[in-house]
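The values are calculated or read from the model by the stated rules, or taken from the named source; none is laboratory data. What you see is a predicted model, and the numbers here were worked out from it, not measured in a lab. With ideal geometry, Cβ positions are generated from the backbone for all residues, glycine too; neighbour counts draw on all protein chains shown.
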Amino acid sequence: MGRKKHSIDVLFMFALFAVFAILSVLIIFIGSGVYGRIAENKEINEQTRTTLSYISNKVRETDGNENVFLMEKDGEQVLVLRHEYEDYSLDTWVYEYDSKLMEMTVDSGDEFELKYGDVLLDTDGVEFEIDETNQLLNVSVFDKNGKESKMSIYLGNNIR
């Protein structure tokens with residue numbers, strides 16, 4: 001009788017250990033999935049904030065003395081920031097090309113191909129709109145999940 005009780009105790013202990021081991025592995029898998037989603041969301045948010053911050057700072061560099069306007073080149077929407085100096089002017093073009101935020105600075109009026117711009121960031125969509133009534137540049141950035149983040153920048157009297 002004592003031997004049978006001892007066998008049941010050992011069997012119960014092994015079963016309890018097996019349940020503990022299975023639950024531990026399950027918790028590790030769940031935790032790694034949650035961590036992966038958190039890391040992915042963090043990367044998406046950082047990419048979106050960096051894109052919006054970059055565009056905002058480039059527009060604010062104009063300091064109210066330069067022109068800010070939109071153009072279309074090769075079917076792509078381009079934000080143009082004109083910097084005028086004493087005897088020449090430069091245009092900084094900010095645009096999305098091939099899922100990348102690109103920038104190109106050229107002499108005003110010079111032609112170039114969009115693919116030769118400097119790659120700044122990976123992006124899943126950037127749209128610009130100028131609200132002339134309120135003197136705002138509206139910028140929309142889309143992440144890979146299709147979520148839109150918006151920002152408006154006051155342009156003052158810089159609308160062309």
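Could you list all residues from the stretch 118-138 that are among the β-branched types (Val, Ile, Thr), assigned to a loop (DSSP other than H, G, I, E, B) and without any contact (Cβ under 8 Å) to a residue 60 or more places away in the chain?
To start, the set of residues in the stretch 118-138 that are among the β-branched types (Val, Ile, Thr) comprises 119, 123, 126, 130, 133.
With assigned to a loop (DSSP other than H, G, I, E, B) added as a condition, the list becomes 123, 133.
The answer is 133, and nothing else.
Quick check on this structure: which one of 110, 118 is exposed (fewer than 11 other Cβ atoms within 10 Å of the Cβ) and under 19 Å from the mean Cα position of the chain (by Cα)? Steps first, please.
Values: 110 fails: under 19 Å from the mean Cα position of the chain (by Cα).
Answer to the check: 118.
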Original post:
Has the stretch 59-77 got at least one residue that is in contact with a Lys or Arg (Cβ under 8 Å, 6 or more places away or on another chain), under 27 Å from residue 43 (Cβ atoms), at pLDDT 85 or above and not polar (S, T, N, Q)?
Top reply: no
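Please find, among 124, 110, the residue that is in contact with a helix residue (DSSP H, G or I) (Cβ under 9 Å, 6 or more places away or on another chain) and among the charged types (D, E, K, R). Break it down stepwise before answering.
Values: 110 fails: in contact with a helix residue (DSSP H, G or I) (Cβ under 9 Å, 6 or more places away or on another chain).
After ruling out the rest, the residue left standing is 124.
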**OP:** For the stretch 70-88, name all the residues that are closer than 14 Å to residue 109 by Cα and either in contact with a strand residue (DSSP E or B) (Cβ under 6 Å, 6 or more places away or on another chain) or buried (at least 17 other Cβ atoms within 10 Å of the Cβ) (or both).
**Re:** 71, 80, 81, 82, 83
Original post:
What are the residue pairs meeting all of these: first residue in the stretch 139-151, first residue farther than 16 Å from residue 57 by Cβ, second residue in a loop (DSSP other than H, G, I, E, B) and of a type outside the set (D, E, K, R), Cβ atoms under 8 Å, and 6 or more apart or on different chains?
Top reply: 140/125; 142/123; 142/125
Original post:
If you take the residues in the stretch 140-160 that are more than 14 Å from the chain's Cα centre (by Cα) and not in a strand (DSSP E or B), which one is surrounded by the most Cβ atoms within 10 Å (Cβ to Cβ)?
Top reply: 155
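Here is a check on your reading of the model: is residue 104 of a type outside the set (Gly, Ala, Ser), surrounded by 15 or more Cβ atoms within 10 Å (Cβ to Cβ) and closer than 26 Å to residue 122 by Cβ?
yes
Enumerate the strands (runs of 3 or more DSSP E) found wholly within the stretch 64-117, keeping only those where 1 or more residues are over 17 Å from residue 128 (Cβ atoms), without any contact (Cβ under 8 Å) to a residue 24 or more places away in the chain and not aliphatic (A, V, I, L, M).
Correct list: 76-84, 89-97, 100-107.
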**OP:** Please work out which residue is farthest from residue 69 (Cα to Cα), limiting yourself to the stretch 128-139 and to residues that are exposed (fewer than 15 other Cβ atoms within 10 Å of the Cβ) and at pLDDT 90 or above.
**Re:** 138
Original post:
Which condition number in (1) at pLDDT 85 or above; (2) among the hydroxyl-bearing types (Ser, Thr, Tyr); (3) surrounded by fewer than 14 Cβ atoms within 10 Å (Cβ to Cβ) is the one that residue 95 fails?
Top reply: (3)
